[in-house]
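The values are calculated or read from the model by the stated rules, or taken from the named source; none is laboratory data. Since the model is a prediction, treat every value here as computed from it, not as a measurement. So basically every Cβ, Gly included, is an ideal-geometry build from the backbone, and we count neighbours across all protein chains shown.
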Amino acid sequence: MSKVNRDDILNILANYNKEEITIATLGSHTSLHILKGAKKEGFKTAVVCEKGREVPYQRFKVADEYIIVDKFSDIVNEEVQEQLKAMNAIVVPHGSFVAYAGLDNIENDFYVPMFGNRDILRWEAERDLERKLILDSGIRMPFKYNKPEDIDRAVMVKFPGARGGKGYFVASSHEEFQEKISNMIEREWITEEDISSAHIEEYVSGTNFCIHYFYSVLNDEVELLGMDSRFESNIDGLVRIPAKDQMEIGLDPSYVITGNHPVVMRESLLPQVFDIGDKLVKTAKELVKPGMNGPFCLQTMCTDNLEIVIFEMSARTDGGSNTFMNGSAYSYLLFDEEMSVGQRIAREIKNAITEDKLEDLIT
Ligand code: AMP
């Protein structure tokens, strides 16, 4: 259970001047469209920025206020929290915010109103919780192996922490698993301690779609805002080499995410996309009260049976939403304007202020 008491946060919010709300975030990850979107919706914006990293926010002119800190993790410091509260700030979390602030600090020590459900951030960070949320929703995930001795088909081996695919490898037998583990240790991509926490799952052969949803608490509706796919090094380069040459050069594939590109899916797959999003939102309401709130992203593989298999989830803005800062094919269909995830968050906050329901969006 979160130790930051929701009532404390609501008391802080009650003292805010609702006419003067500032939307704030940490200067990294998806902060450009969070801040830009907030400005478009008429809010003041603030960025908490590590010294020397302020240039993008100045050049793109998305931040009204700068809170410059020595290191990103200082966002949880008492003085920074006070500065944020003095600005009537609502903090929008993203992947770097979670990584730098730290889940324990967000749950126990960060007394600034945040957009979304702060408790759900742990559910995306811990593989077992994430798996429970997705499987309890009746959504297909890759089969999980409990020990390397059980490997009986192609598997993907992953290690804990946000490494952007670094150290992941594919194997199809126990022997190959051992061989590749040794190789990864030699390259210093993993350590001996990582071995026991290796996560082994079925390798899903398919095409990658990362689906960006937004659950509007105010409208009780799951929206599809965009989709991206990932550039991954070196696998993307490796597959451009003919198979016989791949055998000869003996390069090991890796899955380090280096960029994103916007994509659309076959239209006939969209009913599945909405079904998956609706199911996840329903289960989250039961498992992690008050449930999903705002943006979330499902990272998927679509197989040649046209089945969408989820291998990862983000319960906040995902990095791939940077591919549609100026809107996507899907957000255009829904809004008839260039709606980014950041702007969608700000619009939800604006509508909540108008409807006097801001408490419903904040934890
Ligand atoms: P992740 O860190 O979980 O987002 O994974 C990084 C990349 O590894 C993904 O974008 C996929 O290309 C690949 N990947 C992860 N899990 C699987 C899987 N079960 N089957 C096939 N490829 C995967």
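Go through segment 107-157 and give me each residue that's crowded, with 20+ Cβ neighbours inside 10 Å and assigned to a strand (DSSP E or B). M114, F115, V155, V157 - these are the residues of segment 107-157 that are crowded, with 20+ Cβ neighbours inside 10 Å and assigned to a strand (DSSP E or B). When V48 is tested against (1) part of a strand (DSSP E or B); (2) more than 27 Å from L225 (Cβ to Cβ), just one condition goes unmet, and that condition is (2). Of all the listed residues (N234, N260, N208), the sole one being within 15 Å of the chain's Cα centre (by Cα) and of a type in the set (S, T, N, Q) is N260. Scanning segment 135-157 for residues that are of a type in the set (F, W, Y) and more than 10 Å from the ligand (Cβ to nearest atom) turns up just one, Y145. Do we find a residue being among the basic types (K, R) and either modelled with pLDDT under 95 or closer than 30 Å to Q343 by Cα (or both) anywhere in segment 132-146? Within segment 132-146, none of the residues are among the basic types (K, R) and either modelled with pLDDT under 95 or closer than 30 Å to Q343 by Cα (or both). Would you check if P160 is within 16 Å of the ligand (Cβ to nearest atom), within 24 Å of the chain's Cα centre (by Cα) and without any contact (Cβ under 8 Å) to a residue 60 or more places away in the chain? For P160, the condition - within 16 Å of the ligand (Cβ to nearest atom), within 24 Å of the chain's Cα centre (by Cα) and without any contact (Cβ under 8 Å) to a residue 60 or more places away in the chain - is met. Considering the conditions (1) in contact with a helix residue (DSSP H, G or I) (Cβ under 8 Å, 6 or more places away or on another chain); (2) more than 22 Å from H29 (Cβ to Cβ); (3) in contact (Cβ under 8 Å) with a residue 60 or more places away in the chain, L251 is excluded by exactly one of them, (3). For segment 63-106, residues that are under 28 Å from G320 (Cβ atoms), charged (D, E, K, R) and either outside any helix (DSSP H, G or I) or in contact with a strand residue (DSSP E or B) (Cβ under 9 Å, 6 or more places away or on another chain) (or both) total 4. Here D70 meets each of (1) within 29 Å of L225 (Cα to Cα); (2) without any contact (Cβ under 8 Å) to a residue 40 or more places away in the chain with one exception, condition (1).
Only one of the listed residues (E19, E41) is free of Cβ contacts under 8 Å to residues at least 60 places away in the same chain and either in the same structural domain as G95 (by TED's automatic domain parsing) or within 30 Å of V55 (Cβ to Cβ) (or both). That residue is E19. In this structure, does K44 turn out to be within 18 Å of G319 (Cα to Cα) and either among the basic types (K, R) or exposed (fewer than 15 other Cβ atoms within 10 Å of the Cβ) (or both)? Judged against the criteria, K44 is not a match. Considered as a group, the residues in segment 200-253 that are small (G, A, S) and within 10 Å of the ligand (Cβ to nearest atom) include one that is surrounded by the fewest Cβ atoms within 10 Å (Cβ to Cβ), and that residue is S205. A count restricted to segment 297-330 and to residues that are more than 15 Å from L32 (Cβ to Cβ), within 15 Å of the ligand (Cβ to nearest atom), among the hydroxyl-bearing types (S, T, Y) and touching a Pro at 6+ places or on another chain (Cβ under 9 Å) stands at 1.
Tell me, please, whether a residue that is polar (S, T, N, Q), away from the ligand (no atom under 16 Å from the Cβ) and within 17 Å of R316 (Cα to Cα) can be found in segment 109-130. Yes, because at least one residue in segment 109-130 is polar (S, T, N, Q), away from the ligand (no atom under 16 Å from the Cβ) and within 17 Å of R316 (Cα to Cα).
Exactly one condition in (1) touching a residue at least 12 places away in the same chain (Cβ under 8 Å); (2) surrounded by fewer than 20 Cβ atoms within 10 Å (Cβ to Cβ) is not met by T354; state its number. With respect to (1) touching a residue at least 12 places away in the same chain (Cβ under 8 Å); (2) surrounded by fewer than 20 Cβ atoms within 10 Å (Cβ to Cβ), T354 is out only on (1).
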